[in-house]
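Student: Structure incoming, see below.
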Amino acid sequence: MVFNKSIYLAEREHESHIQKRESSYLPKDTYRVTKVNTHGEKVAEILSAHGKFPLLEGSLIGVNDLILTHNCLVEIRDNNGLIFRLGEHSEFSLELTVIGIAPVFFGSVFKTRFSGYPPMMCGGKYRTSCYLKCPTTLHTENVEKGLDVFYSLSEETEIWEYDEKGKKFPIIYVEEGYKVYLRYIENKPMRERYGIEKIEKISHQEYDYIAMKYMNPKHWI
C-alpha cells in the first residue's frame, strides 16, 4: 500500500539520504486529535493530498497528513498512551521514515506518556534533529533556522539518527534536568550534520513555563 505525499510534506522532506521500505507503510498505532485550543484568529489546519481543512477534535490522523497549529494549542494521542502537546506555530505528521510509519514533529512540542506499554521505538522524530526515545518526557523548541533545543524532563534523553547506509548512530545523551542546543547543518553527510552548541541546566523559570503551558489542565481538558 502506497500513500502519496502531498506537496506540503514533499517540501519538508527530511530523509532523502536513505532508501525506505514501502512494506513499512502500515502504521502500528493510531493517532487522534484530542484537543484544539484556539488562541487567535488563525485556526489549526490539517493538510493532505485532498486539500486544507480546519482541524477538529476527534480527527484521526492519516499517513502523510500534516497538522499546522497556527495560533492554537493541539493535543494528539496514540492508542498506547503516548501524548504530544503542540504549541503555537508547530507541526505534526505521520510519515514513512527509516523505521517505518512514525510521528514527525517540529516547533514547540511537549511529549510524554501517561499510560500504556511503550513499544521499542514510538517517540517519533523531530523533523530537523533526529529520533527520540519513547518513554522519555521532554520538550523541544526551534529557536532559529537550524537550531533546536531539547529539554530532558525525565530520565536520560537519547537522541540519535541514521546514516546513508541505514546504520543508527548516537548524537547525544542528555541527562534529566538539562537542555541541549543542537545545530542542524543541511546538505552535510549525516554523521557530520549535527553539532552540539551548548548544554545547560534547565532553569526554574523554564520549568515553570513548561509546566504552566503544557501541563496545566486548563489548557488541555
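The values are calculated or read from the model by the stated rules, or taken from the named source; none is laboratory data. Not measured: the values here are computed from a predicted model. All Cβ positions, glycine included, derive from the backbone under ideal geometry; neighbour counts span all protein chains shown. Please note that ligands, DNA and RNA were not included when accessible areas were found on the heavy atoms of the full protein model with its side chains. Shrake-Rupley method; radii C 1.70, N 1.55, O 1.52, S 1.80 Å.
Student: Hey, if we sort LYS165, LYS213 by accessible area with the 1.4 Å probe, largest down, what's the order?
Tutor: Details: LYS165 170, LYS213 40 Å².
Accessible-area ranking of LYS165, LYS213, largest first: LYS165, LYS213.
Student: Given N residues in the range 77-221, what is its alpha carbon radius of gyration divided by 2.2 N^0.38 Å?
Tutor: Details: Rg = 14.6 Å, N = 145, 2.2 N^0.38 = 14.6 Å.
The range 77-221 yields a ratio of 1.00.
Student: Of LYS168/LYS201; LYS52/LYS133; LYS35/LYS167; LYS145/LYS165; LYS42/LYS145; LYS42/LYS188, which sit over 29 Å apart, Cα to Cα?
Tutor: Numbers: LYS168/LYS201 27 Å; LYS52/LYS133 31 Å; LYS35/LYS167 37 Å; LYS145/LYS165 27 Å; LYS42/LYS145 23 Å; LYS42/LYS188 36 Å.
Too far apart for the 29 Å limit: LYS52/LYS133; LYS35/LYS167; LYS42/LYS188.
Student: Now a separate question. Taking only C-alpha pairs under 8 Å that are 6+ residues apart, what is the relative contact order of the range 47-178 in percent?
Tutor: 15 percent
Student: Ok, one more. Hey, could you grab the Kirkwood Rh for the range 149-221? Inverse mean 1/r over distinct alpha carbon pairs, Å, one decimal.
Tutor: The Cα-based Kirkwood calculation yields 14.0 Å.
Student: On to the next question. If packing is taken as the mean number of other Cβ atoms within 10 Å per residue, what is the order of 192-202, 177-187, highest first? Provide the component values of the computation, followed by the final result.
Tutor: On the way: 192-202: 13.5, 177-187: 15.9.
Averaged packing, sorted descending, gives the order 177-187, 192-202.
Student: For LEU56, what accessible surface area do you get with a 1.4 Å probe? Give it in Å², rounded to 10.
Tutor: Roll a 1.4 Å probe over it and LEU56 shows about 110 Å².
Student: Give, as a single signed number, the net charge of other residues whose beta carbon lies under 12 Å from the beta carbon of GLU156, with Lys and Arg counted +1 and Asp and Glu -1. Intermediate results must be reported in sequence, preceding the final value.
Tutor: On the way: positive: LYS133; negative: GLU155, GLU158, GLU175, GLU176.
Net charge around GLU156: -3.
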